[in-house]
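Read through the structure below, which is laid out as structure tokens, and then see the notes.
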Amino acid sequence: MSTTLESGSSRSASPDRGASNRWKALVFIALAQLMVVLDATIVNIALPHAQVDLHISDANKQWVITAYALAFGGLLLFGGRLGDLLGRKRMFVTGLFGFAAASAVGGAAANEAMLLSSRAAQGIFGAMLAPAALSLLATTFIDPKERAKAFGIFGAIAGGGGAVGLLLGGFLTEYLNWRWTFFVNIPFAIIAALGAFFVIREPAGGRNRNPLDIPGVVLATLGLVSLVYGFTRAESDGWSDTITIGLFVATVVLLAAFAFVESRVKAPLLPLRVVTDRNRAGVYSSLGLAIIGMFGLFLFLTYYLQVVQGYSAVKTGFAFLPMVAAMITGSTQIGARLMNRVPARLLMGPGFLLGAIGMLLLTRLEVGSSYAGVVLPGMVLLGLGMGTAFMPAMSLATYGIEPRDAGVASAMVNTSQQVGGAIGTALLNTIAASATGTYLASHHAAAAAGAAGQKLVQAQGLVHGYTTAIWVAVGILAAASAIALTAINAGRPGAVTVGSSDTKKAEGEIEEEAAQLPVSMH
């Protein structure tokens, strides 16, 4: 008996140490994710200052954003597959050091070419880093309760990091220099990389050592680049522009060819089993739609607060903080606590719907609207809803995935977010601009009544455009809610769904074990 107790004691110590390492690993994974998400918005605040310093033309300034978006969005699937092949920890650390080096070049940029090349390099290393971070999280936290807490933190960062970027970007630009919006990545990356090197232990046996699907890599990269650039160009040159239309046609052809190749090759870049699974398909589509609406809102609220209400960059950043706090609350206190008690669709569907209600409140914006009376309630409801929905969405997207597919499944989550962000910015900005133009044309006589009248009508036109686009975003979030409620049928994480492949596997294992029992026990 004493021997048994001692062995049990020695075994119990190891899981404790393992749990401690897992939570330490989460700190560094979350830090890396925060850096990537911050970069999606922090540079936007600094762009006008960088444009002046480096003499970047108005026609080329969009490439500071576009160069990053094209590299990041186009290479995500490739980056995720490299993690499956070479090891997620290796890609995670490589991505961090590469991102830090590219950020140093961007901060020290002496001319336009140097800045644009650094942004493209950030996108390349970000495409290695982001899928590795999520797949490490998915393969490290297996226990349902631990997984809920870990994904709660990760989901809060993924949802609120963009708004934090607005605050940090405004602070650094206003009180230091635009270059610090690049330099700030360096300590983030170095701390996360060193911590990952010493703390993260990648589970054994999870690699996919099949050779790379080169045709798949080429077709997926070109197709995603064409898609992201098409929406980016639509924003600047219009939807009827010949090149814009050509890019969308090329996207359809390239991605159709990619799907055909993936269904035929022995070792595909993106195994179709990853995206044809009903629950993962529901997550990817609903999450992508939600990002379309949310990124568009970030853009319009930033414009509204700064251009219409006259907020400084720093004050605008502080104005977003309640939404960030609400996202963290929704993710860690609602989503994480309920994820193991209710099916994911019952968190995602109501969460996206609550976000839509928050946006609905923001359609009441006017030139002189009160921040406390109109903006704040809408942002808080949006934050609570999106935080509640994001965490189970990210967890379900990687739950039950075969270890060899963890990288590409994680890359698909990031791809849906990146493509959603590009679509949201282009689509909603175009809708807003069109509505503003129509309003100004119909109020031409009022605008002619002196400088004060012109300024007021201009502001009213801008707000009319913003609210028109927000109405569209409300519909998009409502659609995301409907897809989550109807397309996703998974039960609680950790619970076995009757009739699922996991059930059949479990039943087979039980039958096999029963067959091996002594006859006297049957």
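Read-outs: derived from the displayed coordinates by stated rules, not from any lab. These figures come from a predicted structure and were not determined experimentally. Note: ideal-geometry Cβ built from the backbone for every residue, glycine included; neighbour counts use all protein chains shown.
Which value in nm describes the separation of the simple spin-label points at N21 and K455, placed 7 Å from the Cα toward the beta carbon?
Between N21 and K455, the simple spin-label model gives 6.4 nm.
Using packing as a proxy for protection, rank 104-113, 193-202 so that the peptide with the highest average count of other Cβ atoms within 10 Å comes first.
193-202, 104-113
How long are the three semi-axes of the equivalent ellipsoid for segment 213-268, computed from the Cα gyration tensor as the root of 5 times each eigenvalue, in whole Å, largest first?
The equivalent ellipsoid of segment 213-268 has semi-axes of 26, 9, 6 Å.
Distance cut-off 26 Å, Cα to Cα: go down the list K89/K149; K24/K145; K145/K266; K89/K145; K24/K89 and report the pairs above it.
Numbers: K89/K149 21 Å; K24/K145 17 Å; K145/K266 37 Å; K89/K145 24 Å; K24/K89 14 Å.
Over 26 Å Cα-Cα: K145/K266.
To make sure I understand, if each residue's beta carbon is the centre and we count other beta carbons within 10 Å, what order do V367, V342, V308 fall in, fewest to most?
V342, V367, V308
Hey, with R₀ at 56 Å, roughly what FRET efficiency would F198 and S240 work out to, going by the Cβ-Cβ distance, to 0.05?
0.55
Taking every pair of distinct Cα atoms and averaging 1/r, then inverting, what Kirkwood hydrodynamic radius in Å comes out for segment 159-295? Walk me through the numbers before you get to the answer.
Numbers: mean 1/r = 0.0523 Å⁻¹.
Evaluated over segment 159-295, this radius sits at 19.1 Å.
Could I have the simple spin-label model distance between V307 and R337, label points 7 Å from Cα toward Cβ, reported in nm to one decimal?
Here the answer is 4.0 nm between the modelled labels.
What number, in percent, do you get for the relative contact order of segment 233-346 if the mean sequence gap of Cα pairs under 8 Å and at least 6 apart is divided by its residue count? Show your work: numbers first, answer last.
On the way: 23 pairs, mean separation 8.0, N = 114.
Result for segment 233-346 is 7 percent.
Could you compute the net charge surrounding G373? Neighbours are other residues with a C-beta less than 13 Å from the C-beta of G373; K and R count +1, D and E count -1. Each step should come with its number before you reach the end.
Working: positive: R364; negative: E366.
In short, 0.
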